[in-house]
Amino acid sequence: MAQTTQTRPPGPDDTASVPLTKPQLPGWAPALAAVVAFGAAALVGLLLGWGVVGIVAVGWILLLIGLPAWSTAVEGSRKGTDRLVGTVVWSTLALALLPLIAVLWEVISRGAPALNATFFTASQSGVLGAGGGIYHAIMGTLIVTLIATVISVPIGIMAAIYLVEYGKKNRLSQVLTFLIDVMTGIPSIVAGLFALALFTLIFGPGVRMAVGGSIALSVLMIPIVVRSTEEMLKLVPDELREGAYALGVPKWRTIVKVVLPTALGGIVTGATLAVARVAGETAPLLLIVGTFRATNFNPFDGAMATLPVLIFSEATRGGLQEYIPFQLERAWGAALVLIIIVMALNLLARVVGSYFSPKTGR
């Protein structure tokens, strides 16, 4: 008679030695590793007379080696590799931010002393040394950019509507897409030469008009507006268009009442970013708008001052040695104001985009 062996189910004592979780480093481990690595590098660098760059480089190498090695010993090789890649990613982010921080620090430290009430309310008419302001340049930048926006935004939106709603990959839309791609990479000075040649043919040589600068800036703005609007229109679901067509709504009314309101947030954001993109252009404005030290509100009559051209002229104008520090101070102050304007436009684009974007949920 064969004997049968009876197996008992595993009890709690059999799995008590199997860990359910692996050991992990505490959350403050990367910070501690960074302090130890850069502290050791600073100590060695001070003893050997290294500079700041050498200390930072050695500290980064020690962190890149020490933190993954510590993680591998405690958490395993997979987590150690993850720590290594994460350290490299954060290091490259910090390296990319260094030039931006350096530029902002330089502009703020040099430009902030120039900011006062007179700097924003006075022009440079008759000013040679100290004094004067950039009111005329601020007004000129606003006028030139506003005219360029009025020209570019309707053209860009209409072109994008044709490419998405009417073109449907026909020959003309393919040609327009190719030309827009080419215009996106056009150097700004080429746009300025185009405006200068156009106004020279119409008004003769030596012409200086602010509206010519607006034409040059619009050449740079139109591709940006077309591309951003095109991408936003493509994101509108086809079901919305089909529902409108099923109700008998004409195509043009569907675009105006359904498609454009749905994509309005992205369109406004793209247009605002295009304005911020051209607000700091110097070469086309220097060619066709010129330089002017007094206030001129008429874009069709003579030269007009703008912030980018004022910065260039003040930094390169020369003159008496005692006047150069005041000119450089005005240049740095105008640069700081221009950065503030561009930053404000980017923030405005984000706020407007979030406000007009389609809301989800209840």
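Cut-off under 16 Å on the C-alpha distance; same-chain residues fewer than 8 positions from K169 excluded. Which aspartates and glutamates are left, in chain and number order?
Partners found: D181, E230, E231.
Could you tell me what percent of the accessible area of the chain is made up of carbon and sulfur, with a 1.4 Å probe and every protein chain present?
The C+S portion of the solvent-accessible surface of the chain is 71 percent.
Quote the FRET efficiency, to the nearest 0.05, computed for W105 versus M158 with a Förster distance R0 of 56 Å and r equal to the Cβ-Cβ distance.
According to the calculation, E is roughly 0.85.
What per residue convex hull volume, in Å³, comes out for region 21-113 when only alpha-carbon positions are used?
Expressed per residue, the convex hull around the Cα atoms of region 21-113 is 118 Å³.
Please list M304, M232, M209 in order of solvent-accessible area, largest first, computed with a 1.4 Å probe with all protein chains present.
Descending accessible area places them as M232, M209, M304.
Once you list every other residue whose beta carbon is under 14 Å from the beta carbon of R330, what net charge do they have if Lys and Arg are +1 and Asp and Glu are -1?
That sum, taken over residues with Cβ under 14 Å, equals +1.
For labels at R253 and V74 in the simple 7 Å Cα→Cβ model, what's the distance in nm?
6.8 nm
If ligands, DNA and RNA are left out, what is the accessible area of V236 with a 1.4 Å probe, given in Å² to the nearest 10?
V236 has an accessible surface of roughly 10 Å² with all protein chains in place.
So with the 1.4 Å probe, I'd like the accessible area per residue for the chain, rounded to whole Å².
Dividing the accessible area of the chain by its residue count gives 59 Å².
Under DSSP H, which helices of the chain have Cα atoms covering 18 Å or more of the helix axis and a Kyte-Doolittle average no less than 0.5?
Span-like helices, by this rule, are 29-48, 52-75, 77-111, 135-161, 171-184, 188-203, 210-234, 264-278, 324-356.
Pull up the cross-link candidates among the lysines for K168, meaning alpha carbon to alpha carbon under 22 Å and not fewer than 8 places away within one chain.
The qualifying lysines are K234, K251, K257.
Of L307, L163, L100, which has the largest mean-square fluctuation in a 10 Å C-alpha GNM of the chain?
It is L100.
Lys and Arg at +1, Asp and Glu at -1: add these up for the other residues within a Cβ distance under 10 Å of L25 and post the number.
+1
Of L217, L172, V236, which is farthest along the charge dipole of region 155-237 in the positive direction, counting Lys and Arg as +1 and Asp and Glu as -1 at C-beta?
L172
Any lysines with Cα under 16 Å of the K79 Cα? List them, leaving off those in the same chain fewer than 8 positions away.
Correct list for K79: K22.
If ligands, DNA and RNA are left out, what is the accessible area of I61 with a 1.4 Å probe, given in Å² to the nearest 10?
Ignoring ligands and nucleic acids, I61 comes out at about 80 Å².
When the helix-only estimate is applied to the chain (DSSP H runs of n ≥ 4, each -39,500 (n - 2.57), divided by the residue count), what is the mean residue ellipticity at 222 nm, nearest 500 deg cm²/dmol?
Helix-only estimate at 222 nm: -22500 deg cm²/dmol.
Taking the Cβ-Cβ separation of F178 and T81 as r and a Förster radius of 41 Å, what is the calculated FRET efficiency to the nearest 0.05?
0.40
Farthest toward the dipole's positive end in the chain, which of T184, L196, T282, given Cβ charges of +1 (Lys, Arg) and -1 (Asp, Glu) about the Cα centre?
Comparing the listed Cα positions along the dipole, T184 ranks first.
Does region 120-356 classify as rounded, prolate or oblate by the C-alpha gyration tensor (a ≥ b ≥ c root eigenvalues; a/c under 1.5 gives rounded; else a/b over b/c gives prolate, otherwise oblate)?
prolate
What does the charge count around L128 come to, taking other residues whose C-beta lies under 11 Å from its C-beta (Lys +1, Arg +1, Asp -1, Glu -1)?
Charge balance near L128 sits at +1.
What size of dipole, in debye to the nearest 20, comes out for the chain about its Cα centre when the only charges are +1 on Lys and Arg C-beta atoms and -1 on Asp and Glu C-beta atoms?
In total the dipole reaches around 680 debye.
The values are calculated or read from the model by the stated rules, or taken from the named source; none is laboratory data. Predicted model, so just to flag it, every value in this text is computed and none were measured. Reconstructed Cβ throughout: ideal geometry from the backbone, glycine too, with neighbour counts over all protein chains shown. Protein only, heavy atoms only, side chains kept; ligands, DNA and RNA dropped before computing areas. Shrake-Rupley method; radii C 1.70, N 1.55, O 1.52, S 1.80 Å.
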